[in-house]
Structures are given as C-alpha cells and as structure tokens.
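Student: Have a look at the structure that comes next, please.
Every read-out reported here was derived from the displayed coordinates using simple, explicitly stated rules and does not represent laboratory data. The shown structure was predicted, so the numbers you read here are calculated from the model rather than taken from an experiment. Heads up, the Cβs are rebuilt from the backbone with ideal geometry, glycines too, and the neighbour counts pull from every protein chain shown.
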Amino acid sequence: MTAFPFEIHARDGAARTGVLRTPRGDIRTPAFMPVGTAGTVKAMTVDQVAQTGADIILGNTYHLMLRPGGMRMEKFGGLHKFMRWDKPILTDSGGYQVMSLAQLRKLDADGVTFRSHVDGSQHRLTPQDSIRIQADQIGAEIVMQLDECPALPAAREDVEKAMRLSLDWAGRCKRAFGSRSTQNLFAIVQGGIDPELRRVSAEALVAEGFDGYAIGGLAVGEGHEAMLATLDVTAPLLPQDRPRYLMGVGKPVDIVESVWRGVDMFDCVLPTRSGRHGQAWTDAGPLNITNARFAEDMSPLDESVDCPASRDYSKAYLHHLFKAGELLGPTLLSWHNVAYYQSLMARLRAAIASGTLADFRAEFHAKRAA
C-alpha cells in the first residue's frame, strides 16, 4: 500500500504539526475538515470554504449513495467535479449514518441491510460496497473503512462485539481497496471507553497496516473527560509516521485538548450547524447572536479572524438578520464559524512549531473561564 507522504515538521510534547501531501494538494496538520454531508458545506459556497483556509472537506457516503446515487456520482466524474471542489476530500464509510439514521436496519457478519430514511428504499452496504462507492464513484482521496459504532453508554459485550466486527471489516476493506497511489485508506480504532478493547483494536489494525488511523466511537455520549481519557490510552498506540484522525470532534476545547494529545485531523458539523441556529464560536465560547444584548452592538464578531463575515458585519446586523428570518444570517455565521475553526488550527500549528503549545492551551482555557 502506497501512503501519501506524511511529514512531521515539529513536535511539542505529544502534539505535532506537519503536512499530509496528496495529489490534489497539501493538508496542513493539525487540520479541521468542514463537513460537506451531501456535496455541500451547508449554507456556504466552495469558494467561501476555500477562503477560510480549509485544505480538505469531508463527504458523507451514506447520503451521497442515496442522493444523487453512487452510479450517478461516477457518471458525473466524482464529487470533486460535481461540487466544484478541487482540493482533497475524505469520505466517511456510511456505517455511522446507517446505524443512526436508516430505518429497519439489519446487521450481519458481511454488512448491513437497511431502508433509506429518504424514501424507504432498501439498500445493502458491505465493506466492499463502501470502498467501491468512496474510492471509485465518489473519488475521495482518503477513504474510511466500514465499521460499526455503537452509541454510548453500552454494555461491554456489545462494544467488544462491534469492535471485533469492525476489525474483520477493516481487513475486507483493505483487500477491496488494493494498492492505489492516488488514494489512502484509513482504519478506525473502536472499543468504546474501555482501555483494553482500545488496545486490542489498535494493535490489530497497526499489525494489518493502513495509511492512517482514525479514533472512532467517541463524542457519542461518553462525555468530555471520558473522551480525553480514551485518547490518552489510544493515541500512543498508533504509529508516529501516520496521520491520526479523531472522528466527529468537535467543540474548540475538544480540539485543543486532542491536539495536545497528538491528534492530527478532525471533522464536525458543529460550525455550520451552530451557524444556522444563530451561534457564533469564539475562544471564549459560543455567542448566541439572537440575544437581546446584541441588538445595538455595532462591533464585529471577531476582527482577528481573516473573514468578511467575522470582521465586516456588526453583531447588531447579524442579530437583525436572524430576527427577520433572513437567509443571509445563517450563511454569514456559518462562514464565520468555519473561518474561526481554521484560524484556531493555524494558531495551534504555529504554537506547536514555536514550542509554545502549553502557553497557548493555558491562555485558551483562561479565555473560556473569564
């Protein structure tokens, strides 16, 4: 298996900063990937997303296989051409959405049969299907193995069963993926918040050998401290020369603490979901722009963020847009939030490079506590 070159340029404790080089461009790490669920980062154009500094976005296999459909995606030349995004794309496997969204799902050793939440049509998703859809039809640079992700809390036997099924599916995904020089395959470590199950999963996947390693099954109800404790156990088990991706995380504080523990890549729907509901993210935490205190506040959201939505519009105007039900409100707040997240990643990279991450982390927590 030919991996994209992953260059680590600096370390600060467990944290590291570097570049994952792909045929469609470099991904600076630590990296945050805006989520483009159905071929769009919600409420934003691809030009706006690129202007925030995002090097890569995430596409959702489950949603894209249902609409517009895998075969149609392939006919259109893949997701890059379809949505007009020429930078790298990572796709999730579809497994999480099948488990959380689909109707009448039936899991077995070879895959999952489910009915679409859109129209009730029946579908089958196997490890081989997931790889074919992601790699050949969507055309993602980074492809994720199909896994089973149980919601927490869950009985240990259920977590172990899901972990061992995910290990089996990882091997099937690797065989289906084969050897590709223009795409990478990432495995997913499962095991809930059980240290021993995480160790078993990580060691087996590392022995199998993948281009990168994701830590899945977190931010699903276990709580912040349990998530960090699981990262403390899991991250050191993963190879130093491969990217580490924490799936579905998260809030800015989650990202800062995870980078501190050696994680390189993140994704989350939070920036755009918050933006659509009137919430703007800052180092001090989220601002609810619909609050009455912003009705006459002519200051910008955050002049330090290099984004028109952050610096050129007043809080009073944004408050007015949401109160009036204007569509521009969600667009501007989503744009600001994605730009804020990219600014946070840039500052984390700079802090690691200069050996000042501990100071950055302390200052970040102080702003949240103020």
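Student: My understanding is that a pair violates if its Cα-Cα distance is over 29 Å; which of 81/106; 75/161; 87/251; 315/367; 75/251; 106/174 do that in this structure? Mind dumping the intermediate values first?
Tutor: On the way: 81/106 34 Å; 75/161 38 Å; 87/251 24 Å; 315/367 20 Å; 75/251 37 Å; 106/174 23 Å.
Violating the 29 Å Cα-Cα cut-off are 81/106; 75/161; 75/251.
Student: Also: Using θ = phi - 60° and the Karplus relation 6.51 cos²θ - 1.76 cosθ + 1.60, list the HN-Hα couplings for the range 132-148 in order, rounded to whole Hz, with x at every Gly or Pro.
Tutor: So the J values, rounded to whole Hz, are 4, 5, 5, 7, 9, 9, 7, x, 5, 6, 10, 10, 9, 5, 6, 9, 10.
Student: Can you give me the long-range amide H partners of residue 10? Hydrogens built in the peptide plane at 1.01 Å from N, cutoff under 5 Å, separation of 5 or more residues or another chain.
Tutor: Placed amide hydrogens put 17 under 5 Å from residue 10.
Student: Then there's this: Where in the chain are the DSSP H helices whose alpha-carbon span along the long axis reaches 27 Å or more and whose Kyte-Doolittle mean is at least 1.0?
Tutor: none
Student: Let me ask another. Note the per residue figure in Å³ for the convex hull of the C-alpha positions in the range 269-370.
Tutor: Hull volume normalised by residue count: 92 Å³.
Student: Return the long-range amide H neighbours of residue 105 (sequence gap of 5 or more, or a different chain), with a cut-off of under 5 Å between placed amide H atoms.
Tutor: 115
Student: Count the net charge of all other residues whose Cβ sits under 13 Å from the Cβ of residue 123, scoring Lys and Arg as +1 and Asp and Glu as -1.
Tutor: Once positives and negatives cancel, what remains is +3.
Student: A further question follows. Neighbouring Cβ atoms within 10 Å as the yardstick, rank 143, 118, 98, 256 fewest first.
Tutor: 118, 256, 98, 143
Student: As a test of the formula, what do you get for the chain when each DSSP H run with n ≥ 4 contributes -39,500 (n - 2.57) and the sum is divided by the residue count, at 222 nm and rounded to the nearest 500 deg cm²/dmol?
Tutor: -11500 deg cm²/dmol
Student: Within the chain, what percent of beta bridges assigned by DSSP are antiparallel, to the nearest 5? Don't skip to the answer; put the middle values down first.
Tutor: Details: 24 of 48 bridges.
Antiparallel: roughly 50 percent of the beta bridges in the chain.
Student: For residue 111, which sequence-distant residues (separation of 5 or more, or a different chain) have an amide H within less than 5 Å of its own amide H, given hydrogens modelled in the peptide plane?
Tutor: Long-range HN contacts for residue 111: none found.
Student: Further question on the same structure: Along the range 52-67, what does the Karplus equation 6.51 cos²θ - 1.76 cosθ + 1.60 (θ = phi - 60°) give for ³J(HN,Hα), rounded to whole Hz, x for Gly and Pro?
Tutor: 6, x, 5, 8, 7, 10, 10, x, 10, 4, 4, 5, 6, 6, 8, 8
Student: Compute the separation of the alpha-carbon centres of the range 102-149 and the range 31-50 and state it in Å as a whole number.
Tutor: 22 Å
Student: Fewest first, what order do 144, 345 take by the number of other Cβ atoms within 10 Å?
Tutor: With the sparsest Cβ surroundings first, the list reads 345, 144.
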